[in-house]
Every structure is written in structure tokens, then in C-alpha cells.
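First the structure, in the form of C-alpha cells, and then the observations on it.
Nothing in this text is a laboratory measurement; each read-out follows from the coordinates by a stated rule. Being a predicted model, the structure only gives us computed values, none of them experimental. Neighbour counts run over all protein chains shown; Cβ positions are idealised from the backbone, glycine included.
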Amino acid sequence: MQAEWHKLKNADTVTADGKHIELAANIGTPKDLEGVIANGAEAVGLYRTEFLYMDSSDFPTEDEQFDAYKAVLEGMEGKPVVVRTMDIGGDKELPYLELPKEMNPFLGYRAIRICLAEPEMFRTQLRALLRASVYGKLRIMFPMISTLNEFRAAKAMLDEEKANLLADGVEVADDIQVGIMIEIPAAAVLAHQFAKEVDFFSIGTNDLIQYTMAADRMNQQVSYLYQPYNPAILTLIKHVIDASHAEGKWTGMCGEMAGDQTAVPLLVGLGLDEFSMSASSVLKTRSLMKRLDSKEMEKLADKAINECTTVEEVIALVEEMKAKL
Ligand code: PEP
Ligand code: MG
């Protein structure tokens, strides 16, 4: 099987009926590029930049960040790289940033909420990204967006930093897509409004599932509620994808669900444009996608959403289809 998958390293990701899908990988540091390239991923769909902050004893400087972003963009040789601005908080702490002790850290001061409250820290990261943008195909993504006002505030800072750099004679790419993670149900529900203003969505199912099911992703006792195939989750995902397409935009997914071999056929059926996963899952996913007919998967996803009432029914539906491949 491994050898079979390996033959697909340089192949395009196309379904049996010829639909191209972007198959990307998640990284935490520039060193992870090795695995991305070895497994033939077509893009980096999520660069979790918080590791740059967590691996440092103080805030990384603009130049340190610039070096890391440039290395990743150059390493991908013009293939897309989605860089997520820092997502500290929740379960991720920084020794040099005093965060309030909270009853519910996952519902608290985290990610874009910290960035908007600490503009100097955020603007340093944005400048580093903008300066690095000329070394490849950069896409910038804001995490944990709940409201359009948060997106607008973050985007306004980005635009200001870009204008400042250009005024100083610094080169900045003029084709940087700017998107958001969809990981908070409020943003998923209003995706049709967000889609008018962002360039893309990437669905963060790790958080979207915990917030939709009200089940802490770290708590074993409620892990039975962590249900990627729950028709409620599939319905939200469908709404997000349809909303982006209605505005001519694209939707990816960078949560664990994107590499889940039971979820993949459903997500192909829902029209997901980009799948980003751990590099080690890329080749087996490409192999599976090559055997799926996107029109048949549309029917499968439709059944899962409209006829299934439980996760078990959805799994049985997918298993039955896979047995016939
Ligand atoms: C997610 O929430 O699905 C995601 C990709 O972000 P993280 O796991 O880093 O919170
Ligand atoms: Mg998340």
C-alpha cells in the first residue's frame, strides 16, 4: 500500500471524474517542509505561527519572523502557503506573556482577540509577513474570527502596514489573499456575509466541532460528543462551502477532519476546494480521492445530511460506498 501511495507523490490530485482538488499540508515550523515536500503536498494549507512564539524566550522580532516566513515561501517554490497569524491562548501559553487565569480558556482571551488588543505585537507579525510576501505565494489567515468587525479591524491593520511599507519603498506582493478560519459557529452561520469580504475560508474543525457540540476538545469524558460526522457539523460545513462559492471564493479545511478517511468522501461531495492535513496523510488521501466520483459523492453527502440522524448512520453510509470502490 505504502509503495502504491508513493507512486502518487508527483501526481495531481484529481477525482475519478477529473475534478481537481488542492491537497495541502499543515506545518508548525519551517523544518516541517521536509515532510510536506517528501509527501508531494501541493500547498501549505496551515502554517501555525504560534510555535515561533512558543519556541522563543521573548516575542520573536520582526526580522526573526521574516526569516521563518521567507524560508517557508521559498521552500514551497511558488506553491501556495497559508500562514495563520498567531493563535495563542486556549491550551497554548507563552511564558513571557501574562494571560489572565480564566474559567474557560477556550472561550476566553485567545488568538485574534489578543492580537486586536495588542496591536504592536500583531503589527510586527503583519509587517514580517508582508515583507516576506515577495518570496512566494502568500495567503494570510486570521484565526478565531467571531464577527465581521474583528475581520475588518485585522484587515485594516494589514492594509495600513502594507501602505506604510510601500511608502518606505519596501516591496510587497500585490496578490496576497486574505482569509479567515471558520472555527466559531457564529462565523459559520454568517458565512454568506463573510464571503463578500474575505478571499477564502479555511474550516478549523478541531475548534468548530468543540464549539458546536459544546464539548471541550481536551476532555476525555465528553469525547464521545466530538463528532465530525454529526449531520449538524456537515450541515454547517455545507453552508460555509456554498456561501463561499456563491461569491466566487474558495473554502479549505485545516482541522483533523480534512485527513479523516471517512470524512474525505463526504467533504468531496460537499465541494470542499482544499484539504490540508498532516503531511503523512497526503498520499493516502490522494489515492482515495482518485477513486471517488465527485457527482456520486454529492449524492452521498446529500444523503448524510438529509437522511441520517446519527453519526453511526453516516459512518455506515460511507462504509457501504467504500466497499464498492
Ligand atoms: C482547528 O481548530 O481546526 C485548527 C486547525 O486550529 P488549531 O487546531 O490550531 O486550533
Ligand atoms: Mg483552531
Failed condition for M213, given (1) touching a residue at least 40 places away in the same chain (Cβ under 8 Å); (2) within 16 Å of ligand 2 (Cβ to nearest atom); (3) surrounded by fewer than 21 Cβ atoms within 10 Å (Cβ to Cβ): (1)
Hey, can you tell me all the residues within the stretch 126-149 that are crowded, with 20+ Cβ neighbours inside 10 Å and within 16 Å of ligand 1 (Cβ to nearest atom)? R139, I140, M141, F142, P143, M144, I145
Which of the residues belonging to the stretch 234-266 are crowded, with 24+ Cβ neighbours inside 10 Å and within 15 Å of ligand 1 (Cβ to nearest atom)? I237, V240, T251, G252, M253, C254, G255, M257, A258, A263
Residue, nearest to M157 (Cα to Cα), within the stretch 61-89, restricted to residues that are in contact (Cβ under 8 Å) with a residue 60 or more places away in the chain and within 16 Å of ligand 2 (Cβ to nearest atom): T85
Working only within the stretch 217-270, note down all residues that are of a type in the set (D, E), in contact with a Ser or Thr (Cβ under 9 Å, 6 or more places away or on another chain) and not in a helix (DSSP H, G or I). D260
May I ask you to verify whether A188 is part of a helix (DSSP H, G or I) and within 16 Å of ligand 2 (Cβ to nearest atom)? yes
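Each row is one residue, and each column tells you yes or no for (1) more than 26 Å from L267 (Cβ to Cβ); (2) surrounded by 20 or more Cβ atoms within 10 Å (Cβ to Cβ).
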residue: M1; (1), (2): no, no
residue: K9; (1), (2): no, no
residue: I21; (1), (2): no, yes
residue: L33; (1), (2): no, yes
residue: Y69; (1), (2): yes, yes
residue: M76; (1), (2): no, yes
residue: R84; (1), (2): no, yes
Positions within the stretch 234-262 being without any contact (Cβ under 8 Å) to a residue 40 or more places away in the chain and farther than 19 Å from F194 by Cα, in sequence order: G259, D260, Q261
Within the bounds of the stretch 86-100, is there any residue that is surrounded by fewer than 19 Cβ atoms within 10 Å (Cβ to Cβ), in contact with a Pro (Cβ under 7 Å, 6 or more places away or on another chain), hydroxyl-bearing (S, T, Y) and not in a strand (DSSP E or B)? no
Could you pull out the residue among T251, T235, T285 that is polar (S, T, N, Q) and under 19 Å from E312 (Cβ atoms)? T235
Count of residues meeting criterion [exposed (fewer than 15 other Cβ atoms within 10 Å of the Cβ), aliphatic (A, V, I, L, M) and part of a loop (DSSP other than H, G, I, E, B)] in the stretch 101-111: 1
Filter the stretch 216-233 for residues that are without any contact (Cβ under 8 Å) to a residue 12 or more places away in the chain and within 16 Å of ligand 1 (Cβ to nearest atom) and give the result. N219, S223
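Test A163 against the criterion of being aliphatic (A, V, I, L, M) and either surrounded by fewer than 17 Cβ atoms within 10 Å (Cβ to Cβ) or within 16 Å of ligand 1 (Cβ to nearest atom) (or both), and give yes or no. Show your work before the answer.
Numbers: aliphatic (A, V, I, L, M): yes; either surrounded by fewer than 17 Cβ atoms within 10 Å (Cβ to Cβ) or within 16 Å of ligand 1 (Cβ to nearest atom) (or both): yes.
The answer is yes for A163.
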